[in-house]
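Trainee: Quick one: this structure, given as structure tokens, is what I'll be asking you about.
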Amino acid sequence: MSLVLDPAAQDLLFREARTANTFTDEPVTEEQVQAIYDLVKFGPTAFNQSPLRVVLVRSAEARERLVPLMAEGNQPKTASAPLVAILAADNEFHEELPALLPHFPQAKDMFFSERPARESAAGLNAALQAAYFIVGVRAAGLAAGPMTGFDFAAVQKEFLDDDHTPLMIVNIGKPGEDAWFPRSPRLTYDEVITTV
């Protein structure tokens, strides 16, 4: 094998992992979410900017506000998942840069003084962190059901503010009965990789 990661871990994180569509009612604890974040926070971002923000939808009242904003096919699984997370990009991430990039604190003003530059950087780097988050959920032995089928403007208005752009919503929990759709095809190495 060319990979140093144990094959069982490779399966857990990638080969056997799929988007879950049903979940058991076993709760996802705060300790599990903390462990997930404490692992995935180390994934790289440009300038260490770390723009991902996560809103955990735990209360019944918040769930009732969220479910109608989901696409019709996503409503039942969002209503029944043990935990739902709204993943968003913080467009004001640059305020944290002096602490996150102490050797180059001037990056805040040098590169991110204009809102369009911040939004572009936040969207890309928070998406990277969202991918790390999904892998972290898998590393915790849980299943993730990431979705972009929802009313983005309504979710932003209901749960965020103008400085936070929603990226995706992730249902989290132990997979339930018939949780998986059949594995969809993937592109081959030769279809993706070129050498120049």
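Trainee: Being in a loop (DSSP other than H, G, I, E, B), closer than 26 Å to residue 143 by Cα, of a type outside the set (Lys, Arg) and at pLDDT 95 or above is the filter here, so list the residues in region 160-184 that pass it.
Mentor: 160 - this is the single residue of region 160-184 that is in a loop (DSSP other than H, G, I, E, B), closer than 26 Å to residue 143 by Cα, of a type outside the set (Lys, Arg) and at pLDDT 95 or above.
Trainee: For the subset of region 143-196 comprising residues that are farther than 18 Å from residue 90 by Cβ and among the hydroxyl-bearing types (Ser, Thr, Tyr), which member is most open to solvent (accessible area, probe 1.4 Å)?
Mentor: The selected residue is 189.
Trainee: Take region 1-24 and flag every residue that is at pLDDT below 95, of a type outside the set (Gly, Ala, Ser), in a loop (DSSP other than H, G, I, E, B) and touching a Gly at 6+ places or on another chain (Cβ under 8 Å).
Mentor: 19, 21, 22
Trainee: Against the condition over 30 Å from residue 183 (Cα atoms), touching a residue at least 40 places away in the same chain (Cβ under 8 Å) and surrounded by 14 or more Cβ atoms within 10 Å (Cβ to Cβ), how does residue 47 come out, does it pass?
Mentor: Answer is yes for this residue.
Trainee: Can you pull out the residues in region 119-134 that are within 9 Å of the chain's Cα centre (by Cα) and either open to solvent by 30 Å² or more (accessible area, probe 1.4 Å) or of a type in the set (Val, Ile, Thr) (or both)?
Mentor: The answer is 127, 128, 131, 132, 134.
Trainee: Name the single residue that is farthest from residue 118 (Cα to Cα) among those in region 70-94 being among the polar types (S, T, N, Q) and in a helix (DSSP H, G or I).
Mentor: 80
The values are calculated or read from the model by the stated rules, or taken from the named source; none is laboratory data. Just so you know, these numbers come straight off a predicted model, no measurement behind them. FYI the Cβ positions are ideal-geometry reconstructions off the backbone, even for glycines, and counts take in every protein chain you see. Just so you know, the surface numbers come from the protein's heavy atoms only, side chains and all, with ligands and any DNA or RNA stripped out. Shrake-Rupley method; radii C 1.70, N 1.55, O 1.52, S 1.80 Å.
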